[in-house]
1. Quote the convex hull volume per residue of the stretch 52-184, based on C-alpha atoms, as a whole number of Å³.
2. What are the lysines whose alpha-carbon lies under 17 Å from the alpha-carbon of Lys131, with same-chain residues fewer than 8 places away excluded?
3. Run lengths n ≥ 4 of DSSP H only: what is the helix-derived mean residue ellipticity at 222 nm for the chain, with -39500 (n - 2.57) per run over all residues, to the nearest 500?
4. Pop the C-beta distance of Arg360 and Glu73 into the FRET formula with R0 = 45 Å and round what comes out to the nearest 0.05.
5. Given the C-alpha centroids of the stretch 170-213 and the stretch 313-363, what is the distance between them in whole angstrom?
6. Would you work out which of Ile42, Val87, Asn408 lies farthest towards the positive end of the dipole of the chain, given +1 charges on the beta-carbon of Lys and Arg and -1 on that of Asp and Glu, about the Cα centre?
7. Can you tell me which lysines have their Cα less than 30 Å from the Cα of Lys310? Leave out same-chain residues fewer than eight positions away.
8. What is the stretch 249-298 by shape, rounded, prolate or oblate, if you read a ≥ b ≥ c off the alpha carbon gyration tensor as root eigenvalues and call it rounded for a/c under 1.5, prolate for a/b larger than b/c, and oblate otherwise?
Amino acid sequence: MSAGEKPKIGVFGAGWVGLVTGACFAELGHEVVVRDVLPERIAALESGRVPLHEPELPELLERNRERLTFTLEVDDAVSAPIMFVCVGTPPTYSGDADLSAVWTVVDQLPELEERAILVMKSTVPVGTGEKVRAALDARGLAHVGYVSNPEFLSEGSAVRDFMHPDRVVVGAFTEADGAAVTALYEPLETTVVQADVASAEMIKLAANAFLMTRISFINEIANVCEATGADVVKVAEGVGLDHRLGPHFLRAGIGWGGSCFPKDGVALKQLASNSGYHFQLLNAVIEVNELQKRRVIQKLQRHLGSLRGKTVTLLGLAFKPNTDDIREAPSLVLAGRLVAEGAEVRAWDPVADGAVALPRAKICADPLEALEGADAAVLVTEWHQLAELDWREAAKRMRNPLLIDGRNMLDPAELRASGFTYDGIGRAAGLV
Ligand code: UDX
C-alpha cells in the first residue's frame, strides 16, 4: 500500500451489518471484499440484488460496484490488511451469544505473513476479545492485531448511522492497532472513544441495555398513565425536554423487538449471571417488554369481550418501520396470542413477508383490504402508509371500527372523528 492510499478492507459476513459496513467503506474510497458462506447470497449480490430491505443500501452498493467484491473464498477476504468480522451472534438456548460463526472466522484464518488486524463489529460478550487474542497467539498469529469496534447501526437508518455516527468506539490491545482502525473513520469527523477491548465490548452492551431500559421505563409509565388518567405522549414530551434526560427512546408502545435488543439484552443478562451477578434491573426491563407485547390482548378483550371468532387485523408486522425484519417482532407474539384466543388474524405489511412466520394469519396486500369486515385493528408498526391511510374509508369497511394504536402514531381526535373507537398505549384521558 503506498502512502495516502486507503487500505483494502475485508468483511466477513454479508448480512445486514457486513453489507452496510462494506458498502460504506467502499463509499469512503476503500476497495472492499465481502465474504459470506451462503452461495445464494453471494450470487444475489454479484448480480446486483440486495437480500435485505435497508434504505440507501442498494444505491450505495450500486454506486460503488467497482470497489466491491463478493466472494465465498476466505483467501480473498484475508488479502486485506484490515478485516471486519460482521457475522451473526444469535442467542443459544441458554441465552448466551452463539459465537460459533466468530470462531469459524478465527479458525479459518490462514498463516498470514503480512501484518493484519481483525476488527470485531459483531456484538459479542465482554471477554471475547481476550479469548480471540489468546487463540490467535496460540496459532502463531501474534502479528495479527485484534480490535473491538462495535456497531451502533439502527435498522432502517443504518447507512446514515454509519456515515454520521454519534461516536465510534475503538478498543485495542495496542496503540498502533487502535490508531489504524481510528484512521479509517477520519473522513467521518466524529468523536472516537479509545478504550481497552473489554470496555469497548461493554459499551455496546450497555448502550443497548440503556435504550431498552428507557423504553420499558416509559412503557411502565404509560401503564400507570392508563390507570390514572394521564397521557404518556404529553408526559414523555415534558420529561424529554429535561436536558439531563433527552427526548429519545421515550415513545411508549407495544414493546421492542428486532435482531439486537432481545438478543443483546438476554446476552448481557447471561453474561452477568455467568459471572455470578444478578442484574435485577435488566431482568425487569426484559420482563416489562414481554408483558407489554401482551397487554394489547387485554385491551381488545376489554372492548370486544371474548376474541373467539373475532377478526383482528395487524397493521404492520416488521419490528419497526423501514425494515422487512420481523425477528422477535411484537407482531409475532400478538398473532400467536390472538390465535390462542380463537381470533382470526389478518395482517398487512408493505415489505415484511408474514407468510412463513404467521402461517395462521391471512396476509393482505393492501391495508384497506386487510380491514374489510374486521372487528378490530392493531397498529403494530408505524409505517408512513398508515399515517396517510383514508381512515374514514377504513371505518366504513370494518364491521366494528376499533383501533388499538400500538405506537401512539395517530391523532386520537382525528380517528374518533373518522368514526373509530381509538385506544392508544398510555392515553387513558381519551379513552372512549
Ligand atoms: C438497535 C440500536 O438502536 C442500535 O444502536 C444497535 O446497534 C442495534 O439495536 P434497531 O434494533 O435497529 O437498533 O432498532 P431501534 O430503532 O433501536 O428500535 C428497537 C425497537 O425499540 C423497535 O422495536 C422500536 O419500535 C422500539 N422502540 C424504539 C420503542 O418502542 N420506543 C422508542 O422510543 C424507541
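1. Working: hull volume 18.6 nm³, N = 133.
Roughly 140 Å³ of hull volume per residue.
2. List returned: Lys121.
3. Values: 18 runs with 184 residues, N = 432.
Helix contribution divided over all residues of the chain: -12500 deg cm²/dmol.
4. Values: r = 42 Å, r/R0 = 0.94.
E between Arg360 and Glu73, to the nearest 0.05, is 0.60.
5. Cα centroid to Cα centroid, the span is 36 Å.
6. Result: Asn408.
7. List returned: Lys293, Lys299, Lys320, Lys362, Lys396.
8. Values: a/c = 2.54, a/b = 1.96, b/c = 1.29.
It comes out prolate by the Cα gyration axes.
Every read-out reported here was derived from the displayed coordinates using simple, explicitly stated rules and does not represent laboratory data. Keep in mind that what you see is a predicted model, and the values were worked out from it rather than measured. Virtual Cβ from ideal backbone geometry, glycine too; neighbours counted across all protein chains shown.
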